[in-house]
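Have a look at the structure below, then the notes.
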Amino acid sequence: MSYKGLPMHQIKEILRLSRTIKLGVREIARSLRLSPSTVSKYLEESREVPWPLPEGWTEQTLQGALLPKGAGTEEASRKKDAAWGQIHLERKKQKGVTLQLLWEESLETLGPGEEGYSYSQFCARYNAYVGRLRPSLRQVHVAGDKLFVDYAGTTVPIIDCRTGEVLFPAQIFVAVLGCSNYTYFEATESQALIHWIGSHNRTFRHIGGVPGAVVPDNLRSGVDKPDFYEPLINETYQEMAVHYGTVI
């Protein structure tokens, strides 16, 4: 599905003037030397586009998120949200279900003469739908301040290369620096405390230092008693923090 119209940089300027500067349609039209009807058209087509644009969005991503002509009616909006809701439910129900797979399945349901979304359009519109479900607060992280740690949801089989036997399902430890999003990950035998602590040791060596704070999810290896306000940190985990001069 191709997109013909204003250049993407001009559409971004329409969004900036409307959502950040809070100009009206006629003021935007005068500023950009466009007709008010053109400005109204693109504001309607971009009504589901989040603003500011999420980090990593390209002009192609924005193009994919624009609504096609006629999609702004209330009835079309209800049908579209129901479809994205079903897709979102499928992703939550089954581990390993990717947007690539769901996009391919959506193409298989098209009727004769119907034209489907490109993959980039599909992803952009799905992410816009999810963004409306989960309003978020942008967090600003100082360099070196926080390291976020957890295990990935899926495991990876460790296979004996001589026999082909699966030795064990490896747990994937992931550590991400809050400011840069620099990521370290490794496979471990289990989520047991000895492996949990060992992964932290290797992470610190890899990044060449220790963050001001380590932020785990409420994982049993590190948190004995999950609580939103006062989680009880595992004693050995706390001793590790003292040893490295950081906090949990």
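Within the range 25-41, can one find any residue that is touching a residue at least 24 places away in the same chain (Cβ under 8 Å), part of a helix (DSSP H, G or I), assigned by TED's automatic domain parsing to the domain that holds Phe122 and of a type in the set (Val, Ile, Thr)?
Within the range 25-41, one or more residues are touching a residue at least 24 places away in the same chain (Cβ under 8 Å), part of a helix (DSSP H, G or I), assigned by TED's automatic domain parsing to the domain that holds Phe122 and of a type in the set (Val, Ile, Thr).
Every residue, every condition in (1) assigned by TED's automatic domain parsing to the domain that holds Leu107; (2) in contact with a strand residue (DSSP E or B) (Cβ under 8 Å, 6 or more places away or on another chain), yes or no:
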position	(1), (2)
Ala124	yes, no
Gln139	no, no
Arg162	no, no
Gln171	no, yes
Leu193	no, no
Ser199	no, yes
Arg205	no, no
Pro211	no, yes
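Within the range 12-36, take every residue that is under 27 Å from the mean Cα position of the chain (by Cα) and among the basic types (Lys, Arg) and give me the one that is nearest to Gln60 (Cα to Cα).
If we take residues in the range 12-36 being under 27 Å from the mean Cα position of the chain (by Cα) and among the basic types (Lys, Arg), then Lys12 is nearest to Gln60 (Cα to Cα).
Could you please find all residues in the range 175-194 being surrounded by fewer than 18 Cβ atoms within 10 Å (Cβ to Cβ) and under 15 Å from Met240 (Cβ atoms)?
Ala192, Leu193, Ile194
Does His141 satisfy the criteria of being free of Cβ contacts under 8 Å to residues at least 40 places away in the same chain and not β-branched (Val, Ile, Thr)?
It is true that His141 is free of Cβ contacts under 8 Å to residues at least 40 places away in the same chain and not β-branched (Val, Ile, Thr).
The values are calculated or read from the model by the stated rules, or taken from the named source; none is laboratory data. These numbers come from a predicted model, not from an experiment. Note: ideal-geometry Cβ built from the backbone for every residue, glycine included; neighbour counts use all protein chains shown.
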